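K.L.:
Pasting a structure here, questions to come.
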Amino acid sequence: MDVDLRKLRYFVAVAEELHFGRAAARLHIAQPVLSRQIRAFEHELRAELFVRDRRSTVLTEAGRQLLTDARALLASAEALRRRVQRAAHGRPTFTIAFMPGLLVTAEARAIGQRHPDLAVNVVRTSFDDQADIVREGRADVSYVRLPVDQRGLRLRPLFSEPRVVVLPADHRLAGKESVDLAELVGERLLQDPDAVPEWRDLPNRPIDSDPRPRPALNSVEEKLEHVAAYAGTVILPLSTATFYTRPDVVHVPVADLGPNQVCLAWAEDNRSPLVQEFVDLAAPPPGDRRQGGSGAPEGLA
């Protein structure tokens, strides 16, 4: 049996909303049509995906397993569509994604010089989309900062660098040469705690009592603005903190916080020779002495 991608998209919408009405509105189809499509999908898979009654919709164990696999499959299908469209229309392109603080100029220039007919693009990512951008085919390779969801990806390590806490310039810890995580236990972390699991898992960390909602921060600039306004602190890789220097915030090394690992990521189903050529150029395998870059800021390679 071939999996119907359209029905799979319908399933994901219902699984994420856990409500047929909201899922139907999101998909711009009528709710009865959606219900029929889900029932047909369950029949094709010979598995019940939802337990539903008048008050709730809940995923079954089979439904949870399908949701885990479905997102990667849909992303792979979308990436395939994008690659085919790029190949079919005009000048070939190669897109390099990178996280804030990382430099990809040398590698972008090198791959362009090797392939003069290639249009090389660069795009900045964030913690939220640094992996999805290659899974979905919006970029060919991505310079990512761990941790990332590695499903559907291949990774090659590039380098690691220290992490620092960013504080207001007159903060009580601002003048120290370094701090320990325990000294930050009472601080309000502004970013996603999953980005700093060591802080998230600190014992005896108090519940955030600040009545202000944690801001939705989509860029380093926004994070620094909130730090300067005494809304909290952020943990950043050293290169990011130094790249975005400003007078009203400071960064202090965190002595017992492990380094941030930077890797080059690409979709495991992307077999393009150009991707492999770029990977070997940016991060030559051990023993390969060909000239290549690392994406590392100066002094961190």
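K.L.:
Per the helix-only calculation at 222 nm, which mean residue ellipticity applies to the chain, given -39500 (n - 2.57) for every DSSP H run of n ≥ 4 and division by its residues, nearest 500 deg cm²/dmol?
P.N.:
Using -39500 (n - 2.57) per qualifying helix, the result is -10500 deg cm²/dmol.
K.L.:
Now for a different question. Who wins for biggest fluctuation among Pro168, Pro203, Pro259 in a Gaussian network model of the chain, springs between alpha carbons below 10 Å?
P.N.:
Pro203
K.L.:
Once phi is turned into θ = phi - 60°, what whole-Hz ³J(HN,Hα) does the Karplus curve with 6.51, -1.76 and 1.60 give for every residue of the stretch 62-79, x standing for Gly and Pro?
P.N.:
These are the phi-based 3J(HN,Hα) values: 5, x, 5, 5, 5, 5, 4, 7, 5, 4, 5, 5, 5, 5, 5, 5, 5, 5 Hz.
K.L.:
Which ³J(HN,Hα) values, rounded to whole Hz and listed in residue order, are derived for the stretch 125-133 from phi using the Karplus coefficients 6.51, -1.76 and 1.60 in 6.51 cos²θ - 1.76 cosθ + 1.60 with θ = phi - 60°, glycine and proline given as x?
P.N.:
10, 9, 4, 6, 10, 5, 8, 4, 5
K.L.:
At a 1.4 Å probe radius, carbon and sulfur cover how many percent of the accessible area of the stretch 1-82?
P.N.:
51 percent
K.L.:
Whole-Hz ³J(HN,Hα) for each residue in the stretch 108-122, computed from phi via Karplus 6.51 cos²θ - 1.76 cosθ + 1.60 with θ = phi - 60°, x for glycine and proline: what do you get?
P.N.:
4, 5, 5, 5, x, 5, 6, 10, x, 8, 8, 8, 9, 10, 10
K.L.:
Roughly what % antiparallel, to the nearest 5, for the DSSP beta bridges in the chain?
P.N.:
Taking every DSSP beta bridge with both residues in the chain, the antiparallel ones total about 70 percent.
K.L.:
Amide H neighbours of Val120 under 5 Å, at least 5 residues apart or on other chains, H built in the peptide plane: list them.
P.N.:
Result for Val120 returns Phe94.
K.L.:
Taking the chain as the region of interest, what is the percent of Cα-Cα pairs per 20 angstrom bin, listed from the shortest bin to the one with the maximum distance?
P.N.:
The calculated distribution, bin by bin, is 27, 48, 24, 0.
K.L.:
Still on this structure, please answer the following. Given R₀ = 41 Å, FRET efficiency for His43-Ala87 by Cβ-Cβ distance, to 0.05?
P.N.:
The formula returns an efficiency of 0.65 here.
K.L.:
Find the accessible area per residue for the chain; the probe is 1.4 Å, ligands and nucleic acids are left out, and the unit is Å².
P.N.:
Here the residues of the chain average 54 Å² of exposed surface.
K.L.:
Residue separation times 0.36 nm, minus the C-alpha to C-alpha distance between Asp69 and Ala169: what's the value?
P.N.:
31.4 nm
K.L.:
Here's something else I'd like to know. Using modelled backbone amide H atoms (1.01 Å from N, in-plane), which distant-in-sequence or interchain residues come within less than 5 Å of Val250's amide H?
P.N.:
HN-HN under 5 Å from Val250: Leu167, Ala169.
The values are calculated or read from the model by the stated rules, or taken from the named source; none is laboratory data. All figures in this text were calculated on a predicted structure; none of them were measured in a lab. Note: ideal-geometry Cβ built from the backbone for every residue, glycine included; neighbour counts use all protein chains shown. What goes into the accessible areas is simple: the full protein's heavy atoms, side chains included, and nothing from ligands, DNA or RNA. Shrake-Rupley method; radii C 1.70, N 1.55, O 1.52, S 1.80 Å.
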